[in-house]
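Following: one structure in structure tokens, then a few remarks.
The values are calculated or read from the model by the stated rules, or taken from the named source; none is laboratory data. Please read these numbers as outputs of a predicted model, since none were measured by experiment. Because the Cβ atoms are built from the backbone with ideal geometry, glycine has one as well, and the counts that use them run over all protein chains shown.
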Amino acid sequence: MTASRLVLLAAIAAGVTYVGSWFWIDLPPAASVVWKGAGVGLLAVWAAMNARGLDGWLIAAVLAFGALGDVLLETHGLVTGALAFLTGHLLAIWLYLKNRRTTLAAGDWAGAGAILVLIPVVAFLLPPDRAGAPGIALYATGLAAMAAAAWLSRFPRTLVAAGALMFAVSDLLIFLRTGRPALDGFPMGLAVWGLYFAGQAFIALGVVRALRAR
């Protein structure tokens with residue numbers, strides 16, 4: 001088995017088993033943070049190991065900022081973590097538009113437009129604390145632009161666009177549960193993490209494999 005495949009398997013194992021850290025009461029906080037960042041962080045390492053040009057390094061950077069966001073959410077709070085994720089979204093937009101499909105039908109543009117509009121609107125409506133809603137909608141606009149760009153890219157939609165939409169739904173669930181303690185339980189946490197990590201893994205696999213095939 002190659003080193004690249006071992007890193008990929010380690011990334012998937014770290015992301016899947018992170019849920020177990022929620023039940024490990026004696027786990028030091030620092031170890032939990034490292035565990036959380038390891039899944040997407042190792043995906044970034046795997047992407048870097050397979051990079052053969054600018055696009056390869058871009059997807060590695062996108063994933064690296066995702067891992068940084070995972071860690072900063074725990075150590076520095078929501079705003080700082082969101083800025084790291086937003087940086088990753090901007091790099092992803094560059095990558096996806098740089099690799100836009102050569103032929104796009106009206107339905108493709110309509111799908112991208114729906115994504116671009118619906119995600120920020122839903123994000124704005126979800127928080128019970130209306131004072132924070134504009135800031136959440138602003139972040140969600142970057143998230144939506146990333147997902148819309150993924151939809152328009154030549155990368156396989158069943159992996160990359162689907163992964164981007166899973167990422168978006170995960171964030172929308174975070175906005176939904178914020179300020180609603182009744183929703184902040186294991187099922188919601190599992191849905192948020194599961195959609196997020198699976199989405200990142202789908203994006204990594206779709207982009208890296210497409211670049212490698214090219």
(Q) I'm trying to understand the selection: among the residues of the range 83-100, which are surrounded by 15 or more Cβ atoms within 10 Å (Cβ to Cβ) and either modelled with pLDDT under 95 or in contact with a strand residue (DSSP E or B) (Cβ under 7 Å, 6 or more places away or on another chain) (or both)? (A) 96, 99
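Residues are listed down the side, and each one gets a yes or a no for (1) modelled with pLDDT under 95; (2) on the phi > 0 side of the Ramachandran plot; (3) surrounded by fewer than 18 Cβ atoms within 10 Å (Cβ to Cβ); (4) in contact with a strand residue (DSSP E or B) (Cβ under 7 Å, 6 or more places away or on another chain):
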{"residue": "28", "(1), (2), (3), (4)": "yes, no, yes, no"}
{"residue": "43", "(1), (2), (3), (4)": "no, no, no, no"}
{"residue": "64", "(1), (2), (3), (4)": "no, no, no, no"}
{"residue": "69", "(1), (2), (3), (4)": "no, no, no, no"}
{"residue": "102", "(1), (2), (3), (4)": "yes, no, yes, no"}
{"residue": "110", "(1), (2), (3), (4)": "no, no, yes, no"}
{"residue": "125", "(1), (2), (3), (4)": "no, no, yes, no"}
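Rundown of residues vs (1) under 21 Å from residue 22 (Cβ atoms); (2) modelled with pLDDT of 95 or more; (3) surrounded by fewer than 20 Cβ atoms within 10 Å (Cβ to Cβ), yes/no style:
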{"site": "128", "(1), (2), (3)": "no, no, yes"}
{"site": "131", "(1), (2), (3)": "no, no, yes"}
{"site": "143", "(1), (2), (3)": "no, yes, no"}
{"site": "151", "(1), (2), (3)": "no, yes, no"}
{"site": "155", "(1), (2), (3)": "no, yes, no"}
{"site": "184", "(1), (2), (3)": "yes, no, yes"}
{"site": "199", "(1), (2), (3)": "yes, yes, no"}
(Q) Please pick out the residue among 198, 114 that is under 17 Å from residue 88 (Cα atoms) and either aliphatic (A, V, I, L, M) or assigned to a loop (DSSP other than H, G, I, E, B) (or both). (A) 198
Q) Going by the conditions given, is residue 189 touching a residue at least 60 places away in the same chain (Cβ under 8 Å) and either outside any helix (DSSP H, G or I) or touching a helix residue (DSSP H, G or I) at 6+ places or on another chain (Cβ under 9 Å) (or both)? A) yes
